[in-house]
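Student: Just dropping this structure here.
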């Protein structure tokens with residue numbers, strides 16, 4: 001059953017049951033029947049705006065009910081949802097709107113004001129529509145007025161693109177990964193089976209919803225199961241633990257940074273989470289000390305899994321069975337995995353580290369408008385190059401051993417060094433730079449810049465950090481800067497980042 005078919009069935013079967021509840025102001029709650037009504041009104045609103053199947057509809061909003069309704073309505077209409085991080089500065093947002101050819105753009109009044117100089121230059125953009133999540137009655141009035149003109153849209157085909165998720169490239173600008181209706185449905189069905197989702201589940205949702213983890217895995221997973229999602233607009237560790245216990249939650253999904261903050265709550269061990277059905281960790285490697293610390297404090301063994309923007313989820317430790325420390329577990333139902341020599345493509349034996357490659361119905365369609373880059377992402381027989389290094393154990397468990405191409409994961413968010421280096425190169429006093437990830441107890445890794453200044457020039461670290469923050473999302477901007485007279489390079493002139501990590505990361509503290 002497709003996601004849209006499953007959601008429609010749940011809205012009929014569980015009409016009086018709470019589907020979504022925002023538990024911090026503005027307090028909002030929808031039953032499945034109310035979700036159905038609101039979704040129809042939102043579809044009618046988009047239809048009144050002239051939205052057509054295939055149109056890209058960009059959503060740059062905070063975590064709010066309006067985002068959820070617009071996303072679901074866009075997908076049901078057969079248009080393409082484009083979730084964008086609200087923290088993106090105007091220059092990045094302009095790029096995403098331009099590259100995707102977005103027709104409609106929903107954002108907040110302050111964000112629209114910051115973008116006012118660039119919006120007229122976007123030829124494909126027909127309308128920028130303002131949403132104020134602090135005044136939910138405004139959007140409710142819009143969709144209420146449109147509801148009478150609702151026209152049932154045809155069901156989208158499995159091969160149609162449902163969502164474009166932008167993922168940073170290793171050679172410059174971010175690329176838009178096209179996730180189809182078939183991709184979404186295949187992965188949700190696999191997770192439904194592997195994780196034993198139940199209609200009786202209560203999910204506490206603390207993640208962002210512009211990201212694969214929070215949007216696809218958590219939120220859509222709950223709706224596909226007919227479960228209840230309790231949503232926190234912003235994460236608070238103390239309140240999270242209280243809510244997990246007091247609201248009888250059964251499912252919780254987070255990144256290692258969040259789990260670390262839960263462990264730091266005073267007297268955290270007084271919160272007994274051993275009765276929770278499912279607590280997962282993903283978007284970054286789960287450090288061993290967090291795995292064992294969570295067991296000691298809360299009486300629960302975290303379930304680590306492995307995914308990426310282009311595929312959603314690939315592997316998971318089992319719901320029933322050994323949740324192995326340091327391992328991302330077994331391929332999900334319908335997912336094929338293998339480990340090959342990165343240079344020759346030859347299959348490697350068990351225990352030998354190579355590139356992990358993935359194949360299955362959940363793997364994305366391609367990169368928006370980039371057929372050459374899409375072709376490079378796949379082998380001739382249809383396996384996806386993940387860029388992740390790892391090995392397969394004799395019993396089928398997979399363990400990751402690092403990331404090719406120097407991807408940095410900080411707080412569960414991906415940062416590709418070339419994107420940051422491109423911004424650093426714009427500064428008139430910078431001659432060369434290299435961006436690396438240094439280990440960080442709270443964030444997993446911190447973005448660190450190594451900079452060579454132009455001859456006779458000098459610049460302060462804080463000034464350079466602020467320069468980046470004006471042009472990049474905060475999580476992408478360097479948290480520390482080192483200055484050197486030159487960068488270590490090999491015979492081919494390539495910067496040797498492994499040397500920089502070895503020399504500098506231990507010094508940053």
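Student: Do we find a residue being touching a helix residue (DSSP H, G or I) at 6+ places or on another chain (Cβ under 6 Å) and either at positive phi or in a helix (DSSP H, G or I) (or both) anywhere in segment 115-128?
Tutor: yes
Student: Let me ask you something else. Would you say residue 70 is surrounded by 23 or more Cβ atoms within 10 Å (Cβ to Cβ), in contact with a strand residue (DSSP E or B) (Cβ under 7 Å, 6 or more places away or on another chain) and in a strand (DSSP E or B)?
Tutor: On the way: surrounded by 23 or more Cβ atoms within 10 Å (Cβ to Cβ): yes; in contact with a strand residue (DSSP E or B) (Cβ under 7 Å, 6 or more places away or on another chain): yes; in a strand (DSSP E or B): no.
Criteria not met by residue 70.
Student: I'd like to verify a number: residues in segment 308-326 that are under 24 Å from residue 415 (Cα atoms) and at pLDDT 95 or above, how many? Give the derivation first.
Tutor: From segment 308-326, those under 24 Å from residue 415 (Cα atoms) are 308-316, 326; that's our starting set.
Imposing the further condition that a residue be at pLDDT 95 or above reduces the set to 310-316.
Number satisfying all stated conditions: 7.
Student: Just for segment 173-196: of the residues that are outside any helix (DSSP H, G or I) and out of contact with any strand residue (DSSP E or B) (no Cβ under 7 Å at 6 or more places or on another chain), which one is modelled with the lowest pLDDT?
Tutor: So, considering only residues that are outside any helix (DSSP H, G or I) and out of contact with any strand residue (DSSP E or B) (no Cβ under 7 Å at 6 or more places or on another chain), the one modelled with the lowest pLDDT is 173.
Student: Could you please give the count of residues in segment 281-294 that are surrounded by fewer than 22 Cβ atoms within 10 Å (Cβ to Cβ) and closer than 19 Å to residue 205 by Cβ?
Tutor: Qualifying residue count, segment 281-294: 1.
Student: Can you say whether residue 170 is out of contact with any helix residue (DSSP H, G or I) (no Cβ under 7 Å at 6 or more places or on another chain) and either closer than 15 Å to residue 54 by Cα or at pLDDT below 95 (or both), as far as the supplied structure shows?
Tutor: Working: out of contact with any helix residue (DSSP H, G or I) (no Cβ under 7 Å at 6 or more places or on another chain): no; either closer than 15 Å to residue 54 by Cα or at pLDDT below 95 (or both): yes.
Here the answer is no, as residue 170 does not meet what is asked.
Student: Scan 390, 412, 360 and give me the residue that is outside the structural domain of residue 314 (by TED's automatic domain parsing), buried (at least 18 other Cβ atoms within 10 Å of the Cβ) and either touching a strand residue (DSSP E or B) at 6+ places or on another chain (Cβ under 6 Å) or under 28 Å from residue 253 (Cα atoms) (or both). Show your work before the answer.
Tutor: On the way: 390 fails: outside the structural domain of residue 314 (by TED's automatic domain parsing); 360 fails: outside the structural domain of residue 314 (by TED's automatic domain parsing).
Just a single option satisfies the conditions, and that option is 412.
Student: Oh, and also: Of everything in segment 259-304 that's modelled with pLDDT under 95, within 23 Å of residue 414 (Cβ to Cβ) and part of a loop (DSSP other than H, G, I, E, B), which residue is nearest to the chain's Cα centre (by Cα)?
Tutor: Only one residue tops the list, namely 283.
Student: Residue under question is residue 387, and the condition is that it be touching a helix residue (DSSP H, G or I) at 6+ places or on another chain (Cβ under 7 Å), under 21 Å from residue 167 (Cβ atoms) and in contact (Cβ under 8 Å) with a residue 12 or more places away in the chain; does it hold? Steps first, please.
Tutor: Values: touching a helix residue (DSSP H, G or I) at 6+ places or on another chain (Cβ under 7 Å): yes; under 21 Å from residue 167 (Cβ atoms): yes; in contact (Cβ under 8 Å) with a residue 12 or more places away in the chain: yes.
Yes; evaluated as a whole, the condition is true for this residue.
Student: Same structure, new question: Condition (residue is in contact (Cβ under 8 Å) with a residue 24 or more places away in the chain, part of a strand (DSSP E or B) and farther than 13 Å from residue 284 by Cβ) applied to segment 411-422: is it met by at least one residue?
Tutor: Checked against the condition, which is being in contact (Cβ under 8 Å) with a residue 24 or more places away in the chain, part of a strand (DSSP E or B) and farther than 13 Å from residue 284 by Cβ, segment 411-422 yields no hits at all.
The values are calculated or read from the model by the stated rules, or taken from the named source; none is laboratory data. What you see is a predicted model, and the numbers here were worked out from it, not measured in a lab. No Cβ is skipped: glycine too gets one built from the backbone with ideal geometry, and neighbour counts run over all protein chains shown.
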